[in-house]
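Contents: one structure, followed by commentary.
The values are calculated or read from the model by the stated rules, or taken from the named source; none is laboratory data. Since this is a predicted model, take the numbers as computed values, not measurements. Cβ placement follows ideal geometry from the backbone for every residue including glycine, while neighbour counts extend to all protein chains displayed. These area figures cover heavy atoms from the full protein model, side chains too; ligands, DNA and RNA do not enter into them. Shrake-Rupley method; radii C 1.70, N 1.55, O 1.52, S 1.80 Å.
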Amino acid sequence: MPLIKLDNVSKHYTGGDEIVKALDEVSMTIEKGDFVAVCGASGSGKSTLLNILGILSTPTAGSVIIDEIDVYALGTEKKSDFRSDYLGFIFQGFQLVPYLTACENVMLPLAITSGKNNDKRKKALDMLDHVGILNKAHKLPNQLSGGENQRVAIARALVNEPEILLADELTGNLDSKNSEEVMNLLVDLSKKGKTIIMVTHEKSIAQYAGITINLFDGMIKEKIQNGTGVLK
């Protein structure tokens, strides 16, 4: 069984007499350890797809199965638990709390888990070490570079050891050097078995992924694997 399966997923919005099809009968599978880049022009459905995968936006039709669980059949509390257990989110604007240190920001997802605070702090420090900025643990976001803030955001997304990372234009605020460093970090995570789904409008960034899915008007235009251009 694939880790993720979307079956005829649609998301429609109504504006006056018009129905906008943000996603239109999208079906695809993603295996554990896949690194997937979702590309397309503005309005193609990239963000809508990521929100649906993140259990943040209920589809109009179709099903989303993750680890053999029909996630949109879950109740509200179970959905929240599932997100906490399975999903890590990395955002374009970092979304770090400005008055918390790097370590404290990474600890945030652990606030709802059981355990001693010292153990949570150690876990956060271990994750900052994992992304290469342990020496910045006690710095505030405004004392860090863009690339360092993005590494903090990645550490925060990883601290609960989720099965899946969802990334939204994570290099949008970075220069080319920092973009390369962050993308190499994600490639390394993918090689270690982490499943990553990344929305990007940059072809150079998409090339880091093993699979590229191109969306057009809410539909999959093509799925390219290892540069073959073959739709699976």
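What FRET efficiency would be calculated for the residue pair residue 85, residue 17, taking the C-beta separation as r and a Förster radius of 25 Å, to the nearest 0.05? Can you show the working numbers first?
Numbers: r = 42 Å, r/R0 = 1.67.
According to the calculation, E is roughly 0.05.
Write down the accessible area per residue of region 10-73 in Å², having rolled a 1.4 Å probe over the full set of protein chains. List each step's numbers first, then the result.
Numbers: 3010 Å² over 64 residues.
So region 10-73 comes to 47 Å² accessible per residue, rounded to a whole number.
Kirkwood hydrodynamic radius (Cα pairs, Å) of region 57-112?
Radius from the Kirkwood sum: 13.6 Å.
Check which residues have an amide H placed less than 5 Å from residue 63's amide H, if you skip close sequence neighbours.
Sorted by chain and number, the residues that satisfy this are 7, 9.
What residues have an amide H closer than 5 Å to that of residue 167, excluding those fewer than 5 places away on the same chain, when H is modeled at 1.01 Å from N in the peptide plane?
Correct list: 90, 197, 198, 199.
Considering the options 66, 90, 140, tell which one lies farthest towards the positive end of the dipole of the chain, charges being +1 on Lys and Arg and -1 on Asp and Glu at the Cβ, about the Cα centre.
Farthest towards the positive pole: 140.
Magnitude of the Cβ-charge dipole of region 38-148, K/R +1 and D/E -1, about the Cα centre, nearest 20 debye?
The calculated dipole for region 38-148 is roughly 360 debye.
Using Cα springs under 10 Å in a Gaussian network model of the chain, which residue among 65, 19, 213 shows the largest mean-square fluctuation?
Highest fluctuation of the listed residues: 19.
Looking at the chain as a GNM with Cα springs under 10 Å, which of 37, 153, 22 has the largest mean-square fluctuation?
Residue with maximal mean-square fluctuation among 37, 153, 22: 22.
If you plug each phi of region 33-42 into the Karplus form 6.51 cos²θ - 1.76 cosθ + 1.60 with θ = phi - 60°, what whole-Hz ³J(HN,Hα) values come out, in order, with x for Gly and Pro?
Using θ = phi - 60°, the values come out as x, 5, 10, 10, 9, 9, 10, x, 5, 4 Hz.
Quick one: Karplus J couplings for region 164-172, per residue in order, coefficients 6.51, -1.76, 1.60, θ = phi - 60°, nearest Hz, x for Gly and Pro?
10, 9, 10, 10, 10, 6, 5, 9, x
Quick check for me: using +1 on Lys/Arg Cβ and -1 on Asp/Glu Cβ, what's the dipole size of the chain about its Cα centre, in debye to the nearest 20?
600 debye
Can you compute the FRET efficiency between residue 29 and residue 113 using 1/(1 + (r/R0)^6), with r the Cβ-Cβ distance and R0 = 25 Å? Round to the nearest 0.05.
Working from the Cβ atoms, E equals 0.25.
Quickly work out the residue 61-to-residue 217 label distance, labels modelled 7 Å from Cα along the C-beta direction, and quote it in nm with one decimal.
So the two model labels end up 1.7 nm from each other.
Counting only DSSP beta bridges with both residues in the chain, tell me the antiparallel percent, nearest 5.
The answer is about 55 percent antiparallel.
Could you check which residue among 118, 160, 178 shows the biggest mean-square fluctuation in a GNM of the chain with a 10 Å Cα cutoff?
Residue with maximal mean-square fluctuation among 118, 160, 178: 118.
How large is log10 I(q)/I(0) at q = 0.07, 0.09, 0.13 Å⁻¹ when the Debye formula is applied to the Cα atoms of the chain, each weighted equally and without solvent?
Taken in order of the listed q values, log10 I(q)/I(0) reads -0.23, -0.38, -0.79.
What percentages make up the Cα-Cα pair-distance distribution of region 61-170 when the bins are 10 Å wide from 0?
15, 43, 29, 12, 2
Straight-line reach from residue 136: which lysines have a Cα under 27 Å away, not including same-chain ones fewer than 8 places off?
Counting by Cα, and skipping residues close in sequence, residue 136 has these lysines nearby: 116, 120, 122, 123, 177, 191, 192, 194.
Short version: ³J(HN,Hα) in whole Hz for each residue of region 137-144, in order, from phi by Karplus 6.51 cos²θ - 1.76 cosθ + 1.60 (θ = phi - 60°), x for Gly and Pro, what are they?
4, 9, 8, 7, x, 6, 9, 10
Counting just the Cα atoms, what span does region 116-229 cover along each of its three principal axes? Round to the nearest Å and put the largest first.
Taking max minus min along each principal axis of the Cα atoms, region 116-229 gives 48, 28, 24 Å.
How large is the accessible surface per residue of region 89-232, computed with a 1.4 Å probe and reported in Å² as a whole number?
Here the residues of region 89-232 average 51 Å² of exposed surface.
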